[in-house]
Amino acid sequence: EECSRPMKWAGPRRASSALLAAFFAATAVASEDGGNPLQQVIELMTSLQGKIIDEGEKGQKAYNDFTQWCSKSASGKTKEISDGKALKEELEAKIEKSTSDAEEAATQTSALTGSIATDEADLKAATLLRQKEKADFTALDAELTSVVNTLSRARTVIQTQLKTAGVASFLQRPTRGMQLFKSTLAEVVAAASMISEDDHAKLTALLDNSDSEGDSSQSITKADPAVVYSSHSKGILEVLENLQAKAEESQATARSNEQTTRLNFETFSTALQDKIASEKKDLENTKAAAARANEEKAQSTKQLESCNKDLKADEKNLADLQRDCMNRATNFAEEVATRKAEMEALAEAKKTVQDSSAGAAAASYSFIQMSRSSDRFASATKEAVHQLRLLAKRTNSAALAQLASRASSLAREGASTGADPFAKVRDLIEAMIYKLNRELKSEATTKKFCTTQSARNKASREERADDVEEKTTKLEEIASTIAKLQQDLKTLSKERSDLASSQVEMDRIRKEENTAFTETEADLKQGLTGVQRAITILRDYYGGSDQSASFLQAMNAAEGASSAPSSAGGPILRLLGIVEADFAKSLTEAQAAEQAAAEEYEKITTENRLTMATQEAEVKYKNEDIAKLRKSSSQIQSDRAESQQELDALNDYWTKLSKQCSAEVITYDKRQDQRKAEIQGLREAISTLTK
């Protein structure tokens, strides 16, 4: 990772500069102490050849490492670019799909909104129309009930009075009886708005005739009673009976039409409400889908921008890497060629000097001169060894102490053999300086590596830890939402069970009520028929008796007067008339109660069906939401596992890195100062040798 920049290499040495440096150094030494500079030049060239070979081997190793790093880095960058392009295509496809989904959701939202508005308007209009129809039916039913009751009461009163008072008395004494007759007939006419024009005309004519008969009692009394009864009472009863039958038929038809209209409205309303509820749920889901699509599009767009940026940076880094690697390969080839040329020059110069200067050196430098030179070099070497020992003691360096010991051994060896130890001691010191410089650079590289890697590892660990925490939070939120949805499903299941049980109980009660009504209705109709038949029998029996009481006496008896009827049939007929009216009233009330109960039952049943349908839709949508959340949870768990695995790997690497770098980082500054002091002392020792 530290190879992102090309390595820096020392520039190539030139053979001419090395030879000149060796020559001038040897000449300077020879001029100063009269020694043999030719031998020193040969030794310097030999040492230089060794250094060039050593540098070549190290350079080759470094170049091999560099080429391996270039190949590995290029492969890694190429893979990153390939992965980045694949991710870019994937994100672009996601953005395109999210855009399409959002547009489709917007179209569906518009269509659903319009459909819901239309359906709600239709439902409102149908409800208003139904309310008007209900009000019209209620008014009509009340009016028909009033007409039926009035006609029934009028028939009962007229039949009773005609039987009890007799036809003659009814016509001869028109004071109280005639008034009751006229008022009853007028009431029938007033309540006859639902009666045909022909029947209405008949009733009006009968009422007008009764007025004219009351004014001309002389002519009526002269008429035959049987004729009068036949022409008036029979006509009135027939008209009233026909009117009552028609009114009851009209009421039955109106109620049947009302029930059909109500059921049609409830069916239409339930279907429309179910449709609206389904459309609203679809609208909610569509809006949620649009929001998700827009959110995914925004996230994918943001990721695409980052991906493009990273891809561009990777391509630039790859190009820079390839350029640097090519430049380094070119520089290395030049260095190899330069070292080769330098080695050839040094070998040729060394061979030339050795082959051609042996006699000249023997003639030019005497034994005494060589001895003086050796003495001077021995003194300088001894001083250098002393400095090395002081430096080793001051820096507490075992390596320097070992170096001083070796230098001292070389100095003693030179003193015993007469050889010059200068070159060997100098080579030892220069080798130590080179070693210390290399350690100095290595420690600097290690410190930089540790600092950089620690910072990168820390940032990566924090990023992965945040990612794991974020995904854990999302999983907890999803689990909470799923638990709430499951609790809602349990609640809905219980509500549906309770509603079904309630409907079953209501069906049972309604069935029992209808059975009881059927029995009661049959009993009332049977009783009413029996009473009406008894009245007919008694009326037929007492109708022709001369002992019958007058109509006025019968009316007074019905009003609770103290006078007693003149016959035994009158009170029975009056009581039967009251019973008949009570039975008719009870039958009407029972039918009305049955109709109200049936309407309430149908209303509640319809509401229950609507509630059940709504709850079924909610169960369906909640199950779909749970399935989606579980799928999302599975994906997030997989992503979290990957992030956790990466975090574990980063933590393991951090543990190893901490062990590797902790000691180095702590002592770096101190060791750097020590290395610099050692290098400076060694350079001073070399200066001592060259004085």
| remark: Taking region 57-90 and keeping only residues that are in contact (Cβ under 8 Å) with a residue 12 or more places away in the chain and of a type in the set (A, V, I, L, M), one is left with 62, 74, 81, 87
| field | Output for region 607-641, where each listed residue is within 23 Å of residue 269 (Cα to Cα), open to solvent by less than 60 Å² (accessible area, probe 1.4 Å) and not hydroxyl-bearing (Ser, Thr, Tyr) | value | 608, 610, 612, 613, 615, 617, 619
| Do we have residue 622 as more than 30 Å from residue 504 (Cβ to Cβ) and at pLDDT 85 or above here? | no
| said: I'd like to know if region 90-98 contains one or more residues that are basic (Lys, Arg), within 23 Å of residue 291 (Cα to Cα) and assigned to a helix (DSSP H, G or I). | reply: yes
| If we scan region 294-301, do we find a residue that is modelled with pLDDT of 90 or more and among the β-branched types (Val, Ile, Thr)? | yes
| request: Considering only residues that are of a type in the set (Asp, Glu) and open to solvent by 60 Å² or more (accessible area, probe 1.4 Å), look in region 487-502 and name the one that is nearest to the chain's Cα centre (by Cα). | output: 495
| said: It is to be established whether one or more residues within region 58-76 are over 22 Å from residue 287 (Cβ atoms) and of a type in the set (A, V, I, L, M). | reply: yes
| message | Looking only at region 127-159, count every residue that is free of Cβ contacts under 8 Å to residues at least 60 places away in the same chain, among the charged types (D, E, K, R) and open to solvent by less than 60 Å² (accessible area, probe 1.4 Å) and tell me the total. | response | 0
| said: Being open to solvent by 90 Å² or more (accessible area, probe 1.4 Å) and in contact (Cβ under 8 Å) with a residue 60 or more places away in the chain is the filter here; which residues of region 235-256 pass it? | reply: 241
| message | Going by what's in this entry, would residue 44 be described as surrounded by 14 or more Cβ atoms within 10 Å (Cβ to Cβ) and either modelled with pLDDT under 85 or not in a helix (DSSP H, G or I) (or both)? | response | yes
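The values are calculated or read from the model by the stated rules, or taken from the named source; none is laboratory data. Just so we're clear, the structure is a prediction, and the values are computed from it rather than from any experiment. When we count neighbours, we look across all protein chains shown, and the Cβ atoms used for this are built from the backbone with ideal geometry, even at glycine. These area figures cover heavy atoms from the full protein model, side chains too; ligands, DNA and RNA do not enter into them. Shrake-Rupley method; radii C 1.70, N 1.55, O 1.52, S 1.80 Å.
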